[in-house]
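Take a look at the structure set out below.
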Amino acid sequence: MSRIARSRSLPTLLSRRSRSLSSSSTLSSSSYSSSSSSEAAAAAAAEEHVAGERPPPTPPPSTGARKSRSLLKFGAFASLAGVLGAAGYATYAYTLDEVDQKTSSFRKTANLSVGDDAPTFEKFRALIYSTAMKVPVKAIELYLDIRSKVEEHVRGFTEPSSDKLLPDLLPEEQHVYTLVLDLNETLVYSDWQRDRGWRTFKRPGVEAFLEHLAKFYEIVVYSDQLNMYVDPVVERLDQKGCIRYKLSRAATKYQNGKHYRDLSKLNRDPSRILYVSGHCLESTLQPENCVSIKPWKLENDDTALLDLLPFLEFVAVHRPADIRSVLASYQGRDIATEFIERSKEMKRRMQEEKRPSFWRR
C-alpha cells in the first residue's frame, strides 16, 4: 500500500520541483536583464552628459567668406609684387641720387599740416591724409636706406680701394711724369707646367729699362693680380728699387666682369700719365693715356722694352703740355717704330736747314 502511494506521489513531487526550478531561472534572467538595462541607461545618461559639456561643432565657412579671403590674399600678393616691381625698375633705371630727388617732393607733402583755428573737419581730414601717406613714405625711405647700404657694400668690391691710390707728389717733383707699367706679359711672364708648377720669367731688357727710366719718371706697377702675387714678383724683379709704388687688384675697378686700371684714381695729373701695357686698350678706362707694346710670351729675341726707351726719354726731357695729344698722333701705329721714323725725318730737315745755300755768302 505504502509503495503504491509513494509511486503515485513521486510524479507530483517532480512536477513541483521542475516548476520551482523554472520559476527561479525566470527570476534570475529577469534580474540579469534588469541590471543590464540599468547599466545601458546609465551609459546613455553619461554620454548625454558629456555631449552636453562639448562645444557645438563649427559650421563650415560660407562661400562669400571664402571669396573675400581669396580676394584679400590676391590683393596682398598683387601689392607686394607691384612694390617689388617698382623697386626693381627704379634700381635699374635710376641712380640712388635720382630716386631720392624724384621722391623728395612726394615725401615732403606727406605731412599735411593745418592751423589751430582750422575747422574740425579739416583737422580730421589732415590726420587721415597723413596716416594714409605714412606707409608709402616709410616704404620709400626704407628702400633708399637699404639700397644705399647695398651699394656701399658692393662698392667695396667693384671700386678702387681709395680715391687717391698714390700719395701727393713732393713740391720739387710736380714736373715729373708718372710711368704706369702693367706686370704680366709686359715686364714678366708667368707660365705653368705640370712637372714644375708655376714659374715667372723676366722680359729681356726689363732691368735696364727700369734702371734707365727711373732717372726721369715716377714708376708705378699697376696689376690686376692679387697682392700675394704682385709683391714677391716685384721685389725679385726690382732689386735696385726703381719702382716707387705697386698696385694690385684691390686698386682696380671691377666692371663688366673684368678688372680695369683706373688712372683717374692715381692722384696725378692725367696729362702727365703714360700707361705701358701689352693689353692696354683692354685693361684701362683711359685709353688716351696708353702706350701699347707687344705682349711678351717667352720670345728670346724680344726687344720691345728697349725699343721704347728713346720715345719715353724724349717725352720726359721735353715735357709736352699734354701727353694725351702726343699719343693721339701715334694712334694705330707702333710708337717705337714711328718715333724712330719721325726722328730721322726731323734730323733730315734740320740738316737741310743748316746746309749752306749756293747763293748764300
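Read-outs throughout are calculated quantities, based only on the coordinates presented, and are distinct from any laboratory measurement. Computed from a predicted model, the values in this text were never measured in an experiment. Note that each Cβ is placed from the backbone with ideal geometry, even for glycine, and that neighbours are counted across all protein chains shown.
Please compute the contact order of region 229-331 in relative form: average sequence separation of alpha-carbon pairs under 8 Å and at least six residues apart, divided by the residue count, as a percent. Walk me through the intermediate numbers first.
Details: 84 pairs, mean separation 20.2, N = 103.
20 percent.
Amide H to amide H, which residues 5 or more places from GLN286 or on other chains are under 5 Å from it, using H placed in the peptide plane?
Under 5 Å from the amide H of GLN286 lie the amide H atoms of LEU263, each far enough along the sequence or on another chain.
What are the residues whose amide H is under 5 Å from the amide H of LEU247, where those residues sit 5 or more places off or on another chain and H is modelled from the backbone?
The list, which skips near neighbours in sequence, is VAL221, TYR222, SER223.
Taking the Cβ of ALA321 as the centre, find all other residues whose Cβ is under 14 Å away and add up their charges (Lys, Arg: +1; Asp, Glu: -1). Each step should come with its number before you reach the end.
On the way: positive: ARG272, ARG319, ARG324; negative: ASP269, ASP322.
It works out to a net charge of +1.
Ranked highest first by average number of other Cβ atoms within 10 Å, how do 339-351, 176-188 line up? Walk me through the intermediate numbers first.
Numbers: 339-351: 11.5, 176-188: 22.5.
Ranked by mean Cβ neighbours within 10 Å, highest first: 176-188, 339-351.
Just to check I understand the Karplus step: with θ = phi - 60° and J = 6.51 cos²θ - 1.76 cosθ + 1.60, what whole-Hz values come out for region 291-302, glycine and proline as x?
Values, residue by residue: 10, 7, 9, 5, x, 9, 9, 6, 6, 6, 9, 6 Hz.
Can you work out the Karplus-derived ³J(HN,Hα) for every residue in region 241-249? Use 6.51 cos²θ - 1.76 cosθ + 1.60 with θ = phi - 60°, whole Hz, and x for glycine or proline.
x, 7, 8, 7, 9, 10, 10, 10, 4
Once you order the gyration tensor axes a ≥ b ≥ c over the Cα atoms, which shape class does region 171-353 get: rounded for a/c under 1.5, otherwise prolate or oblate by comparing a/b with b/c? Display every interim value, and only then the final one.
Numbers: a/c = 1.74, a/b = 1.41, b/c = 1.23.
It comes out prolate by the Cα gyration axes.
HN-Hα J couplings of region 173-184 from phi, Karplus 6.51/-1.76/1.60, θ = phi - 60°, integer Hz, Gly and Pro as x?
Residue by residue, region 173-184 yields 10, 5, 8, 6, 7, 9, 9, 9, 10, 6, 9, 6 Hz.
Label region 240-287 by shape, choosing from rounded, prolate and oblate, from the square roots a ≥ b ≥ c of the eigenvalues of the Cα gyration tensor; if a/c is under 1.5 it is rounded, and otherwise prolate applies when a/b is larger than b/c, oblate when it is not. Display every interim value, and only then the final one.
Numbers: a/c = 1.61, a/b = 1.38, b/c = 1.16.
Taking the square roots of the gyration eigenvalues as a ≥ b ≥ c, region 240-287 is prolate.
With a ≥ b ≥ c taken as the square roots of the eigenvalues of the C-alpha gyration tensor of region 184-291, please select rounded if a/c is under 1.5 and otherwise prolate if a/b is larger than b/c or oblate if it is not? Please list the in-between numbers first.
Values: a/c = 1.85, a/b = 1.19, b/c = 1.55.
The shape class here is oblate.
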